[in-house]
Amino acid sequence: MQRSLSVHIVKQGLQSGLTKFFGRATRAALIYSSDVAEANDFSVYDTTGLLEKYKPDISAYFQSADAVPRQTKIDKISETVRTRPRLSNDLYCLIEQSNDVFFHMWFVEQHQSESPVSLLDQWILFAQLPLLRPDGEMNIGTQIGGGRLAEHAAFDVVREVIMEQMFPRTLAGGQADAEIVLESLMEIATVKEEGSGCSGTLAIFDRNPTGQPKVDYPLKTPVAIDKFKHVRKFLTATSDDYQLVAIAGNIVGFSHRKSIKSPLLASFDRGKLTLTLNKVPLCQISNGTFKAIESKWTLDINNQTKSLSRLDAATKLRVQEFVNKLVTTARNEHFGCTLLLDSGEPCKRRLSGQKLETPVALNEGTLKLFSDMCKVDGAVHIDVNKLHLCAFACLLDGESGDTEELSRGARFNSAQRYSRKTEDMVVLVVSEDGPVTIFEGGETAAVIEKYVRDHECKHSQPKLSEWLNSK
């Protein structure tokens with residue numbers, strides 16, 4: 001029972017930490033063995049139903065010749081075995097076998113993101129740490145580990161990825177360098193001077209003597225990167241053409257952007273920090289909070305809607321571009337809204353709201369006005385044929401149905417009810433915490449991520465063979 005509770009606490013912490021990091025609800029599951037005696041069958045811990053649709057893929061994996069348990073007997077492990085089977089594009093899987101964990105097969109929802117998957121590796125490896133303790137020690141240790149995963153592990157995860165790719169453990173001072181650099185970058189981005197955050201670019205190299213950059217304008221005396229005020233003033237001297245250069249924990253000068261390419265690039269924009277590692281976007285840091293770099297949300301008119309798919313190609317493109325920009329703005333600024341995408345006869349719709357005397361054309365110049373109107377309580381009515389804003393603060397009504405989720409709140413359910421009674425209308429709902437739902441004819445046409453409901457701890461977990469055969 002204690003092992004089940006420990007797994008539950010750690011999995012909840014992992015889900016919470018990943019949800020905050022990716023900005024969208026993220027589920028996790030675990031197939032594991034904590035004892036050599038369980039080598040022939042494993043326990044399945046999946047309280048959110050994440051793995052249900054992947055049963056055939058998981059079954060096929062365990063029956064394949066490549067399955068890790070077949071290759072390595074648990075009681076004969078001499079070194080850590082780690083592999084990442086590719087089961088699905090939207091499910092990340094990491095398997096580890098060692099004397100410490102015996103067998104762990106972790107699953108995490110994989111969202112579209114520009115950040116590297118090596119971040120997921122580190123999240124999972126940190127999740128394993130509290131489960132390495134003997135059963136007698138797991139209670140306090142697991143609670144601490146689960147809480148750290150939920151609240152503070154993002155710093156450790158990003159540091160480990162930077163250290164792994166840039167400051168290797170074999171390099172003297174590597175761990176200290178990565179820690180100092182990351183803490184200093186956060187402090188530089190967070191502290192405001194004269195009322196605003198700093199802007200500029202800092203290129204960072206490790207202290208490897210064989211790979212030092214040629215600095216165009218070196219400083220006579222290097223400045224430590226943790227001298228925050230000095231570094232902030234230096235950053236004001238950078239521009240689109242120049243960047244500040246650091247070697248490990250020291251600022252050494254300025255260089256033309258095109259003359260050197262650094263392993264780690266820190267871009268500051270009025271207090272928001274974006275890290276790029278080996279030319280791959282790593283993460284963003286704002287007000288001390290780490291976030292993955294999210295791929296832009298995309299409305300797929302042809303595959304996600306029926307009424308809008310009948311629009312001509314040029315109109316489809318314009319609608320998609322504008323809606324995508326608005327939804328991305330709403331998700332980035334964390335406000336909820338409801339869009340009524342009307343392909344029928346908008347002028348004849350009877351809506352209770354603020355109707356504009358002259359509809360406003362939606363374009364780059366009016367995007368800010370439109371997004372501000374979306375923040376007002378109520379829905380925004382759009383004529384998609386002309387791409388005009390017709391009304392805002394619209395109240396939606398309709399009869400309740402069997403498919404409603406009352407726990408989702410008024411915005412979600414009123415949108416679904418209105419959609420049920422309205423033809424030639426796509427109703428798109430953006431929730432404040434990220435999820436996007438598209439309704440058409442009262443039915444859910446598309447869901448961009450789901451909520452994680454995971455409060456129940458299962459003390460009795462099915463064995464793998466039993467779970468695979470269950471319906």
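The values are calculated or read from the model by the stated rules, or taken from the named source; none is laboratory data. Predicted, not measured: the structure shown is a model, and the values here were computed from it. We place every Cβ from the backbone using ideal geometry, glycine too, and count neighbours over all the protein chains shown.
Observations on the structure shown:
- If you go through the range 432-471 and pick out every residue that is hydroxyl-bearing (Ser, Thr, Tyr) and modelled with pLDDT of 70 or more, you end up with 4.
- Qualifying residue in the range 266-275 (condition: of a type in the set (Asp, Glu) and assigned to a loop (DSSP other than H, G, I, E, B)): no
- Residue match in the range 36-45 (condition: under 24 Å from the mean Cα position of the chain (by Cα) and either modelled with pLDDT of 85 or more or not aromatic (Phe, Trp, Tyr) (or both)): yes
- Close contacts from the range 451-471, counting a first residue that is outside any loop (DSSP other than H, G, I, E, B) and a second that is modelled with pLDDT of 70 or more and of a type in the set (Phe, Trp, Tyr), with Cβ to Cβ under 6 Å and a gap of 6+ residues or different chains, come to Leu464/Phe42.
- Selection of the range 208-250 for residues being aliphatic (A, V, I, L, M), closer than 21 Å to Gly197 by Cβ and not in a strand (DSSP E or B) yields Ile225, Val231, Leu235, Ala237.
- Tabulated pairs, the range 321-335, first hydroxyl-bearing (Ser, Thr, Tyr), second surrounded by 15 or more Cβ atoms within 10 Å (Cβ to Cβ) and modelled with pLDDT under 85, C-beta under 6 angstrom, 6+ apart or interchain: Thr328/Trp297
- Test: residue in the range 351-368 that is assigned to a loop (DSSP other than H, G, I, E, B) and within 18 Å of Asn324 (Cβ to Cβ): yes
- All positions within the range 327-350 that are in a loop (DSSP other than H, G, I, E, B) and surrounded by fewer than 21 Cβ atoms within 10 Å (Cβ to Cβ): His334, Phe335, Gly336, Gly344, Glu345, Arg349, Arg350
- Among the residues making up the range 86-129, a single one is in contact (Cβ under 8 Å) with a residue 12 or more places away in the chain, surrounded by fewer than 16 Cβ atoms within 10 Å (Cβ to Cβ) and within 16 Å of Phe62 (Cα to Cα): Ser88.
- Within the range 301-349, being among the basic types (Lys, Arg) and more than 17 Å from Thr422 (Cβ to Cβ) holds for Lys316, Arg318, Lys325, Arg331.
- Single residue of the range 247-290 satisfying the filter (under 11 Å from Thr201 (Cβ atoms) and of a type in the set (Gly, Ala, Ser)) that is surrounded by the fewest Cβ atoms within 10 Å (Cβ to Cβ): Ser267
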